[in-house]
Every structure is written in C-alpha cells, then in structure tokens.
1. Over the chain, what is the mean sequence separation of C-alpha contacts under 8 Å (at least six apart), divided by residue count, expressed as relative contact order in percent?
2. Round to the nearest 0.05 the FRET efficiency obtained for V324 and H383 when R0 = 22 Å and r is the Cβ-Cβ distance.
3. Would you mind counting up the charge near A270? Only other residues with Cβ under 15 Å from its Cβ, with Lys and Arg at +1 and Asp and Glu at -1.
4. May I ask you to order 155-166, 369-380, 333-344 by the average number of other C-beta atoms within 10 Å around their residues, highest value first?
5. Note the full-extension length gain between A152 and R63 as 0.36 nm times their separation in residues minus their Cα-Cα distance, in nm to one decimal.
6. What ranking do L275, L401 get, fewest neighbouring Cβ atoms within 10 angstrom at the top?
7. Set the Förster distance to 45 Å, then compute FRET efficiency between R180 and R269 from the Cβ-Cβ distance, nearest 0.05.
8. Tell me, in nm to one decimal, what length is gained between V109 and A312 on full extension, where the rule is 0.36 nm per residue of separation less the Cα-Cα distance?
Amino acid sequence: MRSLGFDWFFLLLLFVLAVSVEAVLRALAPGRFERPRSRWIARALIMVGAITVLAIESASRSRAPAGGGVYRVPIAVIRSTAVALWVSSVLVTLWHLVAEIVGRTARAVRGFREPAEPAVAEPVPPPSKSPEDASTQQIDRRSALVRVVDTAIITGVSGAVGYGLVKGRSDFRVREIEVRLPKLPRALDGYTIVQLTDLHVGVFAGPDDFRPMLDRTRALRPDAIVLTGDLVDRHPRHVPDALRMFASLSARDGVFAVLGNHDYYTDYRAVLRALERANVRALVNEHTIIRPEDGGGFVLAGVDDVWAPRVAPGRAMDLRRALVGAPREAARVLLAHNPKVFSTAHNAVDLQLSGHTHGGQINPASLASLALEYVSGTYRSAHGTLFVSNGFGYTGAPVRLAAPPEIAKIVLVAG
C-alpha cells in the first residue's frame, strides 16, 4: 500500500489540495459558485483532477528513477502548483476574514454615529438615490476591492513559488563558518569539515543534479566530510545512485554519516549497506577519535535519528551510548540529523552539526522560525554550539525560497 503512495497522509494532502483549489476558484470567480449546478460541476472537476494527481504521484513513486526521468516535470509542476494553491487559499481566507471584520466594525461605527430621527420631520425633497442604492454601491466597491486583493495574493504567491521552482537549485552556495573549540589541540587549528545534508536522492535529485555539488566539495579539499542524514528521499531503488555518489567522496580523514528520518522511510538497512560499500563510516550511536596523534585529536560522534522508533521499533537515538568511552578532555563534535537533539546534547558536546529543516525550504521573512526552534545557521548555549545547514535537496515540492541549498564548510578553531 505505501509502495504505491496511497498512505493516509497523502490522501489527507489531496483533500487539503481539493479544498484549496475550491477556495482559490471562489476568489477568482465567485459568481460561478452561486449557482448550485455550477458549484457541483466545479467540485466534480476538482475531484477528477485530484484523482489524476494521485495516479501520477503513484506512478512516480513506484517507477521514477533518481532524477525523475519523464516524471520529473509533471511531478514538479503538480507539487509546486499544490504549494501555490495551498498558500494562496490560506492567505485569501485570512484576508476575507480581516475584510469581514473590518466591514462589520465600520458598519457598527456608522450606526452608532448616526443622529436620532427628529420628533417632527420636515418635508424634504426625495433623494436622487435611495439608501438601498447607496448601500449596494458600497457593497459593490467593497467586493471589487476584495477581488483585486484576492487576485494580487494569488498572483504574488504563484510568482514566488515559480521563482523558487526555477531558481531554487541554481542558487546553491558554500556557507563557511568558524567554530571555536576550547579543547581542540593547537595542532588541529583550522581543521576543515564539509557537511552535506538532506540530499534526498530521488525524483528531484539524480546524478546530474549533484555534479556541481560534488565538484565544489572536492575543490574545498576538506579534512573530513560528514553526511548528516536524509541521504535518500524515499525509495530503495534510488540507493544505487546514492551509493555511486557516496563512493565519489573522499577526504584525508574519511567520510562519515548518520541516518535521517527519510533514510528510515526508504530502508535504513539498504542505506547502511550502501554507505559501507562506499567506504563511508556510519556513526550510529557511536564515536571515533579523529587524529589522535595530534595532541589527542577530537571526538566525532553520531546518533541515530529521533524518528527511528516510529519506523523501526528497537532503534533509537542514544547519546549516552554514542559517547561511552569518549575522553572528557577532548573536544566533541556530534552529528545528529534533527537539530532538536541539541536541547539535550548541548551539555555533553562542544559542537553539533544537523540538517533536517532545509532552512525552512520556503521561508520568506523567516516564517519557519515561528514553528521551529532551530531553522538555519548557528545557535549557541552556555556549553555548546549548534549549526543547522539548509542542506541540498528538497522534500515535497522542488521549491526553495529564501532558503538556498548549500554546502557547509565548518572550520574548527583551537581555543
């Protein structure tokens, strides 16, 4: 059932999409929905469209190669349109609510300010326009204003999503940060780690998509490369492409990885096997010592994903186990896919590298910060530092807005 994509979550998304389409159509052509026959015809067409979307999504999930092949464009259009419709419907609904509240408030104020009728009314000439006509004109003006704002909202959202779809991948960057670690040996001052995260090898991320990223990673000549989860998007058939990409990575002290929630959706065993075959060391609730010959080196630890128990009972994040035997006098760097681990790990490690959030992926005005504690960039506590990378791939729609894909270059500075 899940292999065909018919899961309850996806069906819920289709329902939300259908409701969003109707909300947008009501905003653009309200007259069409005043007649019952037209309303039900429109709803029937929306249902046919939803079923078509379901069929294309199902086919792509079960057949599309890494990179998408012939499915890439239609799936990209469908998912991007769905995002635009959903956001537009939410904003239009909020705008209608505000307009209704403002309208009612204005009418109440006018009614309060109108003077009481005089006891004896003098004859007055008939008005050129009846109060009903004036009220109708006012309603018409208000409806026209509401419709203009509706159109502006829908056009603006569609344009922004379209920009994020076309330019989202090409705007990728290298983000460099320096992190001071008091316990880092002087011999390792300037040690460079390149972090790649949330690759989501799948329909929108195939070999051709990763070529520029791999070239830039090699050019950085890092001391170590770390992969912080969500390496494969969802389907085991994309693991061989991921394997070839992992195998092309190399660094002086090696390549290390942890798993993310999408690696569990895919098949964590297949992902772990691919990492092993590519000579990438998976740190699943364990650690290693990097350059022990240079003043004792530093600890590089990794934990399992916090969502692992939902998919694979018996597996779970275990920070204590990951650090068992790690020297207390050494600097500690932790790889954890989900940044929420920092809430419990900041007292035990000096630096945590995470992904998962995609920087909000669609994050104008940093709106994702309203829902997420850690979104993108550097966060500090009294004891440790967290860096959250935007990552490189997509989840859902292949759209990025105000959250460019990135390679993270972390330079460790001795205390």
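1. 19 percent
2. 0.65
3. Net charge in that neighbourhood comes out at +1.
4. Ranked from most to least packed, the peptides come out as 333-344, 155-166, 369-380.
5. 28.2 nm
6. So the residues, fewest neighbours to most, are L401, L275.
7. With R0 = 45 Å, the Cβ-Cβ based efficiency is 0.70.
8. 67.0 nm
Rule-based calculations on the coordinates, nothing more; no lab input. Because the structure is predicted, anything quoted here is derived from the model rather than measured. FYI the Cβ positions are ideal-geometry reconstructions off the backbone, even for glycines, and counts take in every protein chain you see.
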